[in-house]
Structure formats: C-alpha cells, structure tokens
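What follows is a short report on a single structure.
The values are calculated or read from the model by the stated rules, or taken from the named source; none is laboratory data. Just so we're clear, the structure is a prediction, and the values are computed from it rather than from any experiment. We place every Cβ from the backbone using ideal geometry, glycine too, and count neighbours over all the protein chains shown. In case anyone asks, the SASA skips ligands and DNA or RNA and just uses the protein heavy atoms, side chains included. Shrake-Rupley method; radii C 1.70, N 1.55, O 1.52, S 1.80 Å.
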Amino acid sequence: MKICITGGGTGGHLMIAQALVEAAVKQGHEAIFIGSMSGQDRKYFEDRSSFSHVYFLETTGVVNQKGLGKFKALYKVFRALLKSRAILKKHKIQATYSVGGFSAAPASFASVSKTIPLFIHEQNAVEGRLNSLLKPFAKRFISAYDENSIIKGYPVKEIFSKSARVRTSLESIIFLGGSHGAKSINDLALSLATELKDRGIKIIHQAGENDFERVKEEYADLGVEVELYAFTKDLATLIVKADLAVSRAGASTLWEATTNGLPAFYVPYPHAAGDHQFHNARFIVENELGWCERESEDLKSKLLSILDEPLEEKSKKLIKYASSNVADKMIEDVAKFII
C-alpha cells in the first residue's frame, strides 16, 4: 500500500504523523509526507524520517489571516493543491491520512478531488475547522475523544507504551511548555526551583527557544542544577524518566504522558483555538487522571499541593486507561479499504 500522510504546523500534529509512518513502514507499506515550508514540518522530517519522500509546500494558515492576507493564504493553498495532485499521481498514492493543521489542506483537498480515500485523525477534544470541513468526505474520522470513533485512543510512538511504568515516588519533575515554550510555565519552574532542590527533586525543563537564555541565566543565579533544553526531538526519553509533568495540554504531549503512566499538572495555553487545550485537559481531570489549572490561577500553590500527593494510583489508572498500538490499528484500518 502507498499512503500519503499530511498535516503539521505544530509538534502535536507532527508527532501523530511520526507515529503513523512508523506503523506503516513496520507493516510493509510505503509512506510519503506532504507538509508546509512554514511551521515545524521541515524541522521534524526534512533531514531524517521513515518517509520514502517528503514534500514541503508554500502554505500558511488561513483562519488567522485578515482581509487581503486571507485571499493570499487561500491562493497559496490552491497552488499547493495543484502541486499535491501531481505528487499523489507521481507516487500512485492509494490513501491519504490527514493529521490536521493548516499543512493538511492542500493534500487533503487534492485527495478528495482525485477520489483517493481520505482518513482523518482529530487530535483535540474540540474539532479543528479544517477537519470539520473535510469530515463529510472522509472514510474514517478518528478521535480519542469521540465515543463514535471506530478506533479508540491516541496514536503515539511505541516507546511510550513499551517503557510505561508506575510512578511510586517523586524523584524528578519535567516542565514542558510545548514546542515554542511557555513563559508562564518557565516562570512557575523558576519560582519553585529552590524548593524542588531542597526536596531533592531533579528538574528537567524544555524552556523553548525564545526564552531559553533567560531561563538558563536565572537557574544559574539561583544555584540550581537543571537538565535544560530549548527544543529537543528526543522528548520521549525525557518523559520516560520523569515522575511528574507540568505541561501545556497539547494533545500529543497529553496522550504520550498518559500512555507512559506519567501523572501531569496541565496549564492550558489560553489562546488556543476553541480553547481546545483546556478541553483536552478537562477530559483528563474528569476521569481523575491528572490536574489542570488556568494560567491565571495560583499555579505555584496548586503545584506545591500536588508535590505532596501520592502518584501511584493515578499512574496506574493512566496506564490502564491508555490504548496501545493505536497507530498500528489506524494503518490496518486503511489497508482494509485498499488491499
């Protein structure tokens, strides 16, 4: 089977693409990637990936544009759609899987126009606008939050299920602000750094590229040793060795932590479209799998109270709740339509 995986823009979408290509190659299929020159698509797949071919087209988001900018963005999507049609024909693509994000638009619409079966994965509790628009044309619409989804759970890399473990004590804490970092989470980490040091809790921190130097200097001023990163593609290793996470509530990070049994305190990005990060985290809280507070709340007091809570019960529930091999099931489902 020859499959196109499309979408991206942010790390959350791209992590799903990575999980799907791993599953496709493992099952003996060929996968190509169509993404954008904007966003993080090239950072993830340009130099090293399991895709047989990768393409990065000139597109930008449409929803956030105004006036003339919106028409320019739509024109770029149209040009990229024509290029996508040619790419799909060249590789004799039999199915397309959209993982969402503005990068997915050209190849998804191109597939519909060529009657190539389209499959969609919605990563968030609130449907993205592009996914909602394409949903009527899709053979499958998969979502961890949709009771009607034929496949339950969320596709993450195998390392998270294979290395899942029950956390029984708090020896290390990881602060994650998403691929771009988050100043509020960085400030929270710094405000508690001395307290964590006194408790003997190791700090792992992805601060984001824009705020890295400031955070690095402040840790040095505090005299606190920290495992600090601006950005890393090896986030899986960091999550596996942590005992508690403080994180944005992007869907991929949320489900990676869940699958690995890592309890987390979520601080949703307040400006996410449709407030989807809050709804992602609320799903976890309602199932008593973790904690969540708005950025405007007293994050320091809340996190201090969590430090004293037992982790074992929540960690066990996370592992039990998560579904394994979701990416494998998604690719197997596509193959049923093709082979």
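General remarks:
- Number of the exception - Ser98 against (1) open to solvent by 40 Å² or more (accessible area, probe 1.4 Å); (2) under 18 Å from Phe78 (Cβ atoms); (3) not acidic (Asp, Glu): (1)
- Flag for Ser323 being open to solvent by less than 50 Å² (accessible area, probe 1.4 Å) and not in a strand (DSSP E or B): yes
- Some residue of the stretch 300-310 being of a type outside the set (Gly, Ala, Ser), at positive phi and open to solvent by 50 Å² or more (accessible area, probe 1.4 Å): no
- Residue within the stretch 140-152 that is basic (Lys, Arg), more than 30 Å from Lys90 (Cβ to Cβ) and assigned to a loop (DSSP other than H, G, I, E, B) present: yes
- Residues that are farther than 25 Å from Ala19 by Cα number at least 1 in the following strands (runs of 3 or more DSSP E) confined to the stretch 205-310: 227-229.
- For Ala144: the one exception among (1) modelled with pLDDT of 90 or more; (2) crowded, with 21+ Cβ neighbours inside 10 Å; (3) in contact with an Asp or Glu (Cβ under 9 Å, 6 or more places away or on another chain): (1)
- Selection within the stretch 242-273 - out of contact with any Asp or Glu (no Cβ under 9 Å at 6 or more places or on another chain) and open to solvent by 30 Å² or more (accessible area, probe 1.4 Å): Thr253, His271, Ala273
- Any hit, the stretch 181-203, residues being open to solvent by 50 Å² or more (accessible area, probe 1.4 Å), assigned to a loop (DSSP other than H, G, I, E, B), acidic (Asp, Glu) and over 18 Å from Phe265 (Cβ atoms): no
- Residue list for the stretch 21-46, filter: modelled with pLDDT of 95 or more and under 13 Å from the mean Cα position of the chain (by Cα): none
- Search result, residues across the stretch 122-178 that are farther than 18 Å from Ala19 by Cα and of a type in the set (Phe, Trp, Tyr): Phe137, Tyr145, Phe175
- All of (1) within 21 Å of the chain's Cα centre (by Cα); (2) open to solvent by 10 Å² or more (accessible area, probe 1.4 Å); (3) at pLDDT 90 or above hold for Leu235 with one exception: (3).
- When each of Glu213, Glu209, Glu225 is tested for being of a type outside the set (S, T, N, Q), open to solvent by 50 Å² or more (accessible area, probe 1.4 Å) and either closer than 25 Å to Ala249 by Cβ or in contact (Cβ under 8 Å) with a residue 60 or more places away in the chain (or both), the lone residue that passes is Glu209.
- Asn131 being of a type outside the set (Phe, Trp, Tyr), open to solvent by less than 30 Å² (accessible area, probe 1.4 Å) and at pLDDT below 95: yes
- Whichever residue in the stretch 278-289 is without any contact (Cβ under 8 Å) to a residue 60 or more places away in the chain and closer than 11 Å to Ala249 by Cα and, among such residues, is surrounded by the most Cβ atoms within 10 Å (Cβ to Cβ): Ala281
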